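The values are calculated or read from the model by the stated rules, or taken from the named source; none is laboratory data. In this text the structure is predicted, and so the values were computed from the model without any measurement. Glycine also receives a Cβ, built like all others from the backbone with ideal geometry; neighbour counts cover every protein chain displayed.
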Amino acid sequence: MQAASQSSTHDFTAVFREHAPSVHRALRRLGVGGADAPDVLQEVFVVVHKKLPGFEGRSQLRTWIYGIALRVASDHRKRAYVRRERPTDALPERAGSAPELKELERRERVAMLDRALAALSPEKREVLVLFELEELTMKEVAAALECPLMTAYARLYSAREELRKAYVREGGTPS
Amino acid sequence: MSEEREPVRLRDDPAEDAGLRAMLEAAQGEHADDALLERVLAGVLAGGGGGGGTSGGGGATAFSKLAASTAAAVAVAASVAWIASTGVGPATPAPPAHVVPGMGDAVAPLDAGPADTGRSDAGPVATASEEDADAGRRVLSRAPAPPPDPGPGDAALILAATRARVSDPARSLALALEHRERFPESAATEDREALVVLDLAALDRGPEARRAAESFRARWPRSAALPHIDAALARTSSP
């Protein structure tokens, strides 16, 4: 009994270590602020932890986990008491060296992306994040969203158009 | 149904604007801090562990549990009837005031993770020690003043405290203490007091955490939060 319990815990730990970094990143792009991200990430993996023993493998594990993450992130957005977040992480106070400047530049781009993503509807944003950033296949995206594949495609193409427009509004050059 | 070709991702499409591609690539370079992930993992295992994963329902950690328990608590409004039916269960809400003093200076616990875990089911089943039973009888026989109305502030505050436990235990503790002050005896009292212990432990305030834990154990000897509290105390550096 105890052995089984330990084994299950170990399995969960391995799952967490493999998937938590990307889920954390996805949550950020789905609009979960930096201060809330650890808590929301924990919420996601509480659910994973609880349901993992019953996971039947009908979908890929990562698809299943992303599906949970989408729902938890959606719930998070709906909560009225969500803390007001600064739009971006704090930038380094000084950035003198080349690596620091590079990191600063990266963060500025990510902040720009977040502002652009914020202009999208949640449904389009989810597709875009999962496909363009998390590199799920469109089939996996549809599975995570629990929507027909064609719907996922339609959302993706529409989301791309909106992203391009938002990018231009943010000061990017039109392609 | 046609088999669609997988689209080329924007950042791999040379026809796409270079700036837009760079923006998407930048997000790929974001990595969560390892220490943060370890804290989250510990939080999940502590709060949702309930049995290390075998137990189907014991997974909830601080948040979900708390959320669930708080929601339930608010729904029940800490009703006396519930207390009566529970018989003095360990997780009994609206505990007698005499217990609170026991918590000493410390801070309180709520147990976000752990506590919740078990408490929702533990409530009614709880096995009560003689002391608990006495305390419970006292509560019931005093015909109590109606339990404080939890109100939305109660749930929101305790949820906020629980949610902050992993990322910001100091804030979580402050919120839990505020909850203690504003809602000394609410349906979320056990959660709150467990959370205080966990926050203190997370802040490495060992002596205070231990004192708070002792009081917690005395008041809720069968609480499902206790294993998690013990685990958290074991991680503190102070003796």
Residue list for the range A:105-124, filter: facing chain B (nearest Cβ under 8 Å) and among the aliphatic types (A, V, I, L, M): A:Val110, A:Met112, A:Leu113, A:Ala116
Give the residues of the range B:192-239 that are more than 23 Å from B:Ala160 (Cβ to Cβ), in a helix (DSSP H, G or I) and not small (Gly, Ala, Ser), sorted by residue number. B:Pro207, B:Arg210, B:Arg211, B:Glu214, B:Arg217, B:Arg219, B:Leu226, B:Pro227, B:Asp230, B:Leu233, B:Arg235
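Quick check on B:Leu157: is it assigned to a helix (DSSP H, G or I), at pLDDT 80 or above and closer than 27 Å to B:Leu45 by Cα?
Working: assigned to a helix (DSSP H, G or I): yes; at pLDDT 80 or above: no; closer than 27 Å to B:Leu45 by Cα: yes.
Here the answer is no, as B:Leu157 does not meet what is asked.
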Criterion first (in contact with an Asp or Glu (Cβ under 8 Å, 6 or more places away or on another chain), of a type outside the set (Ser, Thr, Tyr) and either modelled with pLDDT under 50 or closer than 15 Å to B:Trp220 by Cα (or both)) does B:Pro124 satisfy it? no
Which members of the range A:125-175 meet the condition of being in a loop (DSSP other than H, G, I, E, B), within 11 Å of another protein chain (Cβ to nearest Cβ) and not β-branched (Val, Ile, Thr)? A:Glu134, A:Glu135, A:Leu136, A:Pro148, A:Glu170, A:Gly171, A:Gly172, A:Pro174, A:Ser175
B:Asp204 passes all but one of (1) among the acidic types (Asp, Glu); (2) at pLDDT below 85; (3) surrounded by fewer than 24 Cβ atoms within 10 Å (Cβ to Cβ); which number fails? (2)
Among the residues of the range A:11-36, write down those that are within 19 Å of A:Leu133 (Cα to Cα), facing chain B (nearest Cβ under 8 Å) and crowded, with 20+ Cβ neighbours inside 10 Å. A:Ala20, A:His24, A:Arg25, A:Arg28, A:Arg29
So for the range B:174-181 (the condition being under 16 Å from B:Ala46 (Cα atoms) and within 14 Å of another protein chain (Cβ to nearest Cβ)), does at least one residue qualify? no
